[in-house]
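Beneath this line is the structure, given in C-alpha cells, with notes to follow.
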Amino acid sequence: PEVPPRVAAAVASAPVRAGERGRLAVVTAPTATLLSETAAGRLDIAVVQHPAVLHGLAAGRVVLFPTWLLTPADDPDDPAGTPGGARRLPVAVRPREEAPAAYDLFVDTLASRGRRVETVTVSDERAGLALVAAGQATLVTADPTLTADGIDRTRAVDPPLPLRLRVVWDSRQPDGEETERTARLLVEALSLQAASLDVAAARAAR
C-alpha cells in the first residue's frame, strides 16, 4: 500500500516490456499478508517492506525510496522537516501488525534523535493526508505527488526515513527458476524508479 501508484505500474509492466507472456494479476495488501500468501504459493512474487521475516523466501536487494514529510502549513512553530514539529504532532502510521519490523525501525529512527514519538494509526495515506490538512498529524510518504491545500512538503532527511522495499518469491516452487527471472526484472524496475525519484527529489531541493 505504501508504493506510489506510478512505481507500482512501472514495476508491474516490467515483465511485459521484457517480452514475457502471461496474464498478470495484482494484489495490494500489507507486507505481513503478502509474505504469508507468497509462502503459501498463492502469490508468485511480492514487493514488501524491509526489514521483514521472510520465512525461507528468496529476496532481491533492498531498494531505498526517498520520502517526504507532510506537515500543516499554517503552523509557524512547526519547523519544516521535523516529524511532529514544535507542537509534537503525532505521526500518522499504518497499523504495526501490517509490517512489524519496518514499523519498529521507522519509530526507532525517529526516537534515535531524542524526540518523543507519538503516533496515530490510519487506514491508508489518504486518511493520513486528511489528518495533516486538519492540523492533527504529520505524515511521511514516498509518493512524490501526495499533497493538498494547507500542507507543506519537505524531503525527509533529518533523520532519513527512506521507504525500504524488497522483491520476494519462493524459489522452492516447481517453476522457481522462471519466477526468479521475473522477480529479477521487478528488482531492476524498482531500482530504476527509486533512482529516478531520488534524482528528482534532489533537484527539487536545490
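What base-10 log of the normalised intensity I(q)/I(0) is obtained for region 94-164 from the Debye formula, alpha carbons as equal point scatterers, at q = 0.22 Å⁻¹?
Those come out to -1.17, one per q.
For region 124-198, report the translational diffusion coefficient in µm²/s to the nearest whole number, using Stokes-Einstein at 37 °C, 0.692 mPa s, and a Kirkwood Rh over Cα pairs. All intermediate terms of the calculation are to be shown ahead of the outcome.
Working: Rh = 15.2 Å.
Once the numbers are plugged in, D ends up at 216 µm²/s.
At 25 °C and 0.890 mPa s, what whole-number value in µm²/s does Stokes-Einstein give for the translational diffusion of the chain, with Rh from the Kirkwood sum over Cα pairs?
Numbers: Rh = 17.9 Å.
Value of D from the Cα-based Kirkwood radius: 137 µm²/s.
Where nothing but the Cβ of Lys and Arg (+1) and of Asp and Glu (-1) is charged, how large is the charge dipole of the chain around its Cα centre, in debye to the nearest 20? Don't skip to the answer; put the middle values down first.
Details: 23 positive and 26 negative charges, 72 e Å.
For this selection, approximately 340 debye.
For the chain, take the longest principal axis of its alpha carbons; what is the angle in degrees between that and the long axis of helix 176-204, to the nearest 10 within 0 to 90?
30
Whole angstrom only: what separates the Cα centroid of region 1-56 from the Cα centroid of region 123-158?
Here the answer is 25 Å between Cα centres.
No lab work stands behind these numbers, since they all come straight from the coordinates. A quick note: this is a predicted structure, and the numbers were derived from the prediction, not measured. Here the Cβ is made from the backbone with ideal geometry for all residues, glycine too, and neighbour counts use every protein chain on show.
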